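Enquirer: Take a look at this one; I'll ask things after.
The values are calculated or read from the model by the stated rules, or taken from the named source; none is laboratory data. Keep in mind that what you see is a predicted model, and the values were worked out from it rather than measured. Methodologically, a virtual Cβ is constructed for each residue, glycine included, from the backbone with ideal geometry; neighbour enumeration extends over all protein chains shown. With ligands, DNA and RNA removed, areas are computed over all heavy atoms of the protein, side chains included. Shrake-Rupley method; radii C 1.70, N 1.55, O 1.52, S 1.80 Å.
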Amino acid sequence: GKKLGYTFNNRNFHNVSLGQSQEVVAEQALDLAAKEGHWVILQNIHLVAKWLSSLEKKLEQHSEGSHQDFRVFISAEPAPSAESHIIPQGILENSIKITNEAPTGMHANLHKALDNFNQDTLEMCTREHEFKSILFALCYFHAVVAERRKFGPQGWNRSYPFNTGDLTISVNVLYNYLEASSKVPYDDLRYLFGEIMYGGHITDDWDRRLCRTYLEEFIKPEMLEGELLLAPGFPLPGNMDYNGYHQYIDDALPPESPYLYGLHPNAEIGFLTQTSEKLFRIVLEMQPRDTSMGDGGMVTREETVKTLLEDMLEKLMDEFNIAELMAKVEERTPYAVVAFQECERMNILTSEIKRSLKELDLGLKGELTMTSDMENLQNALFLDMVPESWTKKAYPSTASLGTWFADLLTRIKELEAWTGDFSLPSTVWLAGFFNPQSILTAIMQCTARKNGWPLDRMTLQCDVTKKNRDDFASPPREGAYVHGLFMEGACWDAQSGMITDARLKELTPAMPVIFLKAIPADKQDLRNVYPCPVYKTRQRGPTYVWTFNLRSKENPSKWVLAGVALLLQV
C-alpha cells in the first residue's frame, strides 16, 4: 500500500475481527470501502461459517463498478482436515492466496521462538542472568512441544494448538516473578508454564506428565551453574546478547534428529512408515473400480469381493450359547463374569459380520437392491479395510482386514478354550479382550475376596518374568500371567530385569510374560520404577488400559520424554 502511495488512516482502513456478531459491521465496511476505494481486512473468517455465503455474494456484487483502489484482505486459521474446509470456492478462485507455513525442524523452530523477543527484552529484567537463562530454556521448550507432534501418538497422545502467545505470556510471567522474588521460584514457574500457560491446552494426563517432565529437565537450579543439557550435545548457553543467542543456535545445535526431543531414532522410522502407508492407502483408494489381471483375463471387483465374502462366512463359527455356558458354571467368580461379558460382545460383533456379509451376497447376486451400506462394505472388502459397521461393534485396531480377521478368529479360539471349563488360562492373552480392564480388575477382585481387603485400596504389582508363553503349564496360585505385550520407545532387558534403550530398527519388541498380582496400595514399592501406560494400539490416547510400574535403573524422566509405552497390538 505504501509503495503505491497509499496513506493509511482510520477512515480509509477498516480492520474487522469476526466472531461475536461482527458480520453486520463487516458488511457495512465492505459497502463503504467499495464506494470510496478503501481497504478492508476481515480476520478469523473461519469463526463465521454461516455468513460466508453472504460474504461471497457481497464480494461478487462489488467485483464490478467499485472503486479501483478497493481491496479486501481475508485471514483464516487452517482447517484441521480436508472435510472441514468451509471457505466457499468462489472466494478462493477469485483471490490471491498466501499461506503461512509453520517452520519445520528444531533449528527453524528455535530461531522462530527467539524471534518473538529482542535485545531490549533481554535487558529489561534486573536479574539478567537468571532471566536470560530461563528465557532461552523456554524458547527451546516451546520449539520442542510444537515440533514433537510430528512424531504422532508417540510424540503427543493428542494434538494441541500451542502458539507464540503461550511463549510471550510465559516470558512476561517470568519477568514479573523474578522482579518480585529474592530467590528464583522454580516450582512456581514450572507450575505456571506447565499447568496453566501450556498445560491449559492439554487434555490428556499422560501428555500433562510429558509437559511437566520437560520443564523439570529444562528449568531447575543447575541451569545457572552451566551444567544443563537441553539435548545431547546442546548445553544451555551462557550470558550472551540477542544476536549471540541466534549465532549460538547456528553453531551449537546438533543436526535434526529425534534425540533433540528426548526420543529414540526409532520414533522417526515409525512415523515415516505410517506416513508412507497412509499415502499408499490413498493411492489404492483412487484406483479404477475394475482391475484386469494378466493373460487377458478380467477379475472384477465383484468377483474378488465374492470370493473373500464366502471365505469369511465359511470360517466364522456359531455364536456362543450364553445360557448353556451359564448353566455349566458352578460359581460366578469375577473371571467367569468377564468370560460371559466377552462372549456377549463377541456374539454382537460376529452376528453383525454375518448379517452384513449375507446381505451383500444377496445384493451381488441381484436378489436385493444394493444400498449405500452394502457398497461401503464392498469397497472396504476390496481395499482390505475393516468395514465401519464392524469397527463400531469391535475393539480398537489399526490392522488391515486380512490381519484383523485372522486376529478375530484367534480371539474366538481363546474364548472357546476359556469357556470350556472356565479355569483361568495358564497365561492370559491380554490383547484378546474387548475390555482388557475387566480381567485386570477381576484379578484384584479375586484377591480382595480371598483376603478380605477393600478393593479401592488395592493395586496391581507388575513383575516381568524371564520366560515366554510356552514355559508356563498352569496359572499362578494368586494373580495371573499375561502375554502378548509389546514395548514402544525402549526395550526390556530380561537379564537385568529393567527398561533399557531401544535397539535401532526394533520398533516394538515383544515383552516376556508378565506376572500380575494384587497387593494393598500402601505396600507397593515405587522406588526406581517408571509408571508405564498400557495402550490397546499404537494410536494410544483413548485406547489407554492401565499403568504398569516397570523397574528402571535410569531416571524415569528419560522414558517419559522417549514416549515409552506398552502396547497390546502392533
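Enquirer: What order do you get for 58-69, 437-448, 371-382 when each peptide is scored by the mean count of other beta carbon atoms within 10 Å, highest first?
Expert: By packing density, highest mean first, the sequence is 437-448, 371-382, 58-69.
Enquirer: Taking the Cα atoms of segment 299-423, what is the range of coordinates along each of the three principal axes, in descending order and whole Å?
Expert: Largest first, segment 299-423 extends 53, 30, 21 Å along its Cα principal axes.
Enquirer: On C-alpha positions alone, give me the angle between the axis of helix 301-315 and the longest principal axis of the chain, in degrees, nearest 10.
Expert: 40 degrees
Enquirer: Where a Cα-Cα gap under 14 Å defines reach, which aspartates and glutamates qualify for Lys558, not counting those fewer than 8 residues away within the same chain?
Expert: Straight-line reach from Lys558, under 14 Å: Glu216, Glu217, Glu488, Asp501.
Enquirer: Could you tell me which of the pairs Lys315/Lys365; Lys413/Lys553; Lys413/Lys523; Lys50/Lys97 are separated by over 30 angstrom between their Cα atoms in the structure shown?
Expert: Lys413/Lys553; Lys413/Lys523
Enquirer: Something else now. Compute the acute angle (0 to 90°) between the alpha-carbon long axis of helix 52-62 and the principal axis of greatest extent of the alpha-carbon atoms of the chain; round to the nearest 10°.
Expert: 30 degrees
Enquirer: Could you give the length gained by full extension between Arg477 and Thr371, i.e. 0.36 nm per residue of separation minus their alpha carbon distance, to one decimal place?
Expert: Length gained between Arg477 and Thr371: 32.7 nm.
Enquirer: Here is a follow-up. Per Stokes-Einstein, at 25 °C and 0.890 mPa s, what whole-number D in µm² s⁻¹ belongs to segment 433-569, with the Kirkwood radius over Cα pairs as the hydrodynamic radius?
Expert: Reported coefficient: 157 µm²/s.
Enquirer: Turning to a different aspect of this structure: For a quick protection proxy, order the peptides 192-198, 222-228 by their average other-Cβ count within 10 Å, most packed first.
Expert: 192-198, 222-228
Enquirer: What angle, in degrees between 0 and 90 and rounded to the nearest 10, separates the Cα long axis of helix 436-451 from the longest principal axis of the Cα atoms of the chain?
Expert: So the inclination is approximately 60 degrees.
Enquirer: Averaging over all projection directions, find the projected area of the Cα convex hull of the chain and quote it in nm² with one decimal place. Numbers along the way, then the final one.
Expert: Details: hull surface 152.3 nm².
The Cα convex hull of the chain, projected and averaged over all directions, gives 38.1 nm².
Enquirer: What are the extents of the Cα atoms of segment 106-265 along their three principal axes, listed from largest to smallest and rounded to whole Å?
Expert: Here the Cα extents, ordered largest to smallest, are 41, 33, 26 Å.
Enquirer: Now, a different point. Defining a contact as two alpha carbons under 8 Å apart and six or more residues distant in sequence, what relative contact order in percent does the chain show?
Expert: 10 percent
Enquirer: Please report, for the Cα atoms of segment 379-508, the Rg to one decimal and the Dmax as a whole number; what are they, in angstrom?
Expert: 17.8, 55
Enquirer: Karplus couplings for segment 421-435 from phi (6.51 cos²θ - 1.76 cosθ + 1.60, θ = phi - 60°), rounded to Hz, Gly and Pro as x?
Expert: 9, 6, 8, 4, x, 4, 10, 8, 7, 4, 5, x, 9, 4, 10
Enquirer: Run lengths n ≥ 4 of DSSP H only: what is the helix-derived mean residue ellipticity at 222 nm for the chain, with -39500 (n - 2.57) per run over all residues, to the nearest 500? Could you put the intermediate results ahead of the total?
Expert: Numbers: 19 runs with 244 residues, N = 570.
Result for the chain: -13500 deg cm²/dmol, rounded to the nearest 500.
Enquirer: For the chain, what is the percent of antiparallel DSSP beta bridges, rounded to the nearest 5?
Expert: Antiparallel bridges: around 70 percent, rounded to the nearest 5.
Enquirer: Cross-link partners among aspartates and glutamates for Lys35, C-alpha distance below 16 Å, same-chain residues fewer than 8 apart left out?
Expert: Glu27, Glu60, Glu64, Asp69
Enquirer: Taking amide H positions as placed 1.01 Å from N in the peptide plane, with prolines and chain starts having none, which residues 5 or more places from Met458, or on another chain, fall under 5 Å of its amide H?
Expert: Distant-sequence amide H within range of Met458: Ala521.
Enquirer: Which of Val560, Phe433, Ala473 sits farthest toward the positive end of the charge dipole of segment 433-569, with +1 on the Cβ of Lys and Arg and -1 on the Cβ of Asp and Glu?
Expert: Going by the Cα projections, it comes out as Phe433.
Enquirer: Here's a follow-up. Within 10 Å, count the other beta carbons around each residue, average over each peptide in 489-500, 158-169, and list them highest first.
Expert: Put in order of decreasing packing, that is 489-500, 158-169.
Enquirer: At a 1.4 Å probe radius, carbon and sulfur cover how many percent of the accessible area of the chain? Walk me through the numbers on the way to the answer.
Expert: Working: 15200 of 30220 Å².
Looking at the chain in its full context, I get 50 percent from C and S.
Enquirer: May I ask you to list the aspartates and glutamates whose Cα is less than 12 Å away from that of Lys328, ignoring any residue fewer than eight positions away on the same chain?
Expert: Leaving aside aspartates and glutamates fewer than 8 places away in the same chain, those within reach of Lys328 are Asp421.
Enquirer: Quick one: which residues, 5+ away or cross-chain, put their amide H under 5 Å from the amide H of Leu368? H built at 1.01 Å from N.
Expert: Under 5 Å from the amide H of Leu368: Gly363.
Enquirer: Quick one: Debye curve from the alpha-carbon atoms of segment 150-200 only, equal weights, vacuum; give me log10 I(q)/I(0) at q = 0.27 Å⁻¹ to two decimals.
Expert: -1.02
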